[in-house]
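This report refers to the structure that appears directly beneath it.
Every number in this text was worked out from the coordinates using simple rules, so none of it is lab data. What you see is a predicted model; the values in this text were computed from it and never measured. Here Cβ is always computed from backbone atoms with ideal geometry, including for glycine, and neighbour counts include all displayed protein chains.
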Amino acid sequence: MTRARRLFGLPLLFAVACGGSDDPGASSEGGAPIPDDVVQGVPDGNDIWLAEIFDVVGGGFVIDEPRDLTSRPGYDNQPFFGNDGTLYFVQQEGVRTDVWRWDRGTDTKHRVTMTADESEYSPTVMPQSLGISMIRVEADSTQRLWAVDLDGSRSRVLLEDVQPVGYHAWFDAEHVALFVLGDPSTLQIANVSTGEVRTVAENIGRSLQSVPDRRAISFAQQSGDGSSTIRIWDLDADRASDVAPAVEGGEFHAWMPNGTLLQGSGSMIWAWLDDEWTAVGDFGVVGQQVSRLAVAPDGRTIAVVAEPLAGDEMGEGQAP
């Protein structure tokens, strides 16, 4: 396993050899969703960090040159890369959370949505770039799947009758996977053209991800002992299969374009390589712990949601 280390004055170097403010998913009873940072007791909230991914001679890759993209007090979370490398994320100001975007070419951030009495979460570029889907917490606290055009215009609800939705990921332009809150939480598959919805799993985690080059999504299946298994639901096979046991303490995962599975836990980022978890980075060296991850479609940039570690956790990674 490879741990992050300081080289040539750079904050981080991640390396691995090739092998094989609110959060609608955490709702208060009978009220509006509770922000992750409030739940976790971190008043300064989350920031989104970017790092570049470079190939190395002889194979493998390094993740280097990390920087804090948002770098402000408050809640910045839920990154998602569009096909052109544009990064979409949510930013909270006051009690409202809106969608923003970061443009790689100009290195600038721009607001996408600005609804007066509603908040948006989990911005996701839809297949065929048909728009940006998102979870909207409406004025009466209803949580449904909505969409806007890429410029933020033409707002519309995609599934009238399905709620409360916490997270989502697309199989294709018609089929979407939904994390629906409840006791237990459920994985539901919906057809946005017909409105047909069916439940295919229960007791799932909050991380839903589209699998590269497949009509499939991945999710974490939780067990009674507190452990989880990352599984893939393949729409064509219409069934789920196991991929890997989740890293201990890990909740959010992501995919490299080449099919490598990543997961964060504590300050560490892990990769599933040769049927085992290998450490590929430690944000502890910059005093951060990680949660959500997103990788650009070209495989050259990773976005990491991070927040400050407690003093006694600095530099401490957790093994799977």
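What the table shows:
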| read-out | value |
| --- | --- |
| Potential extension, residue 298-residue 200 segment - 0.36 nm per residue separation minus Cα distance | 32.1 nm |
| Centroid-to-centroid separation of the range 142-161 and the range 218-280 [C-alpha atoms, Å] | 29 |
| Gain on full stretching of the segment that runs from residue 173 to residue 71 - 0.36 nm per residue minus C-alpha separation | 33.3 nm |
| Label-point separation in nm, residue 258 to residue 191, each point 7 Å along Cα→Cβ | 3.8 |
| Under 10 Å, Cβ to Cβ, from residue 68 - net charge with Lys/Arg +1 and Asp/Glu -1 | 0 |
| Cα gyration tensor, the range 13-310 - rounded (a/c under 1.5), prolate or oblate | rounded |
| Descending Cα extents along the principal axes, the range 183-313, whole Å | 50, 36, 29 |
| Distance (nanometres) between label positions extended 7 Å along Cα→Cβ at residue 140 and residue 213 | 4.7 |
| Surrounding net charge for residue 259, when Lys and Arg each add one and Asp and Glu each subtract one, Cβ distance under 13 Å | 0 |
| Inter-site label distance for residue 243 and residue 278 at 7 Å from Cα along Cβ, in nm | 1.7 |
| Net charge of Cβ neighbours under 14 Å - reference residue 222; Lys, Arg +1; Asp, Glu -1 | -4 |
| Order of 175, 110 under a 10 Å beta carbon neighbour criterion, fewest first | 110, 175 |
| 248, 196 arranged by Cβ crowding within 10 Å, fewest neighbours leading | 196, 248 |
| Segments 295-304, 155-164 sorted - mean Cβ within 10 Å per residue, highest first | 295-304, 155-164 |
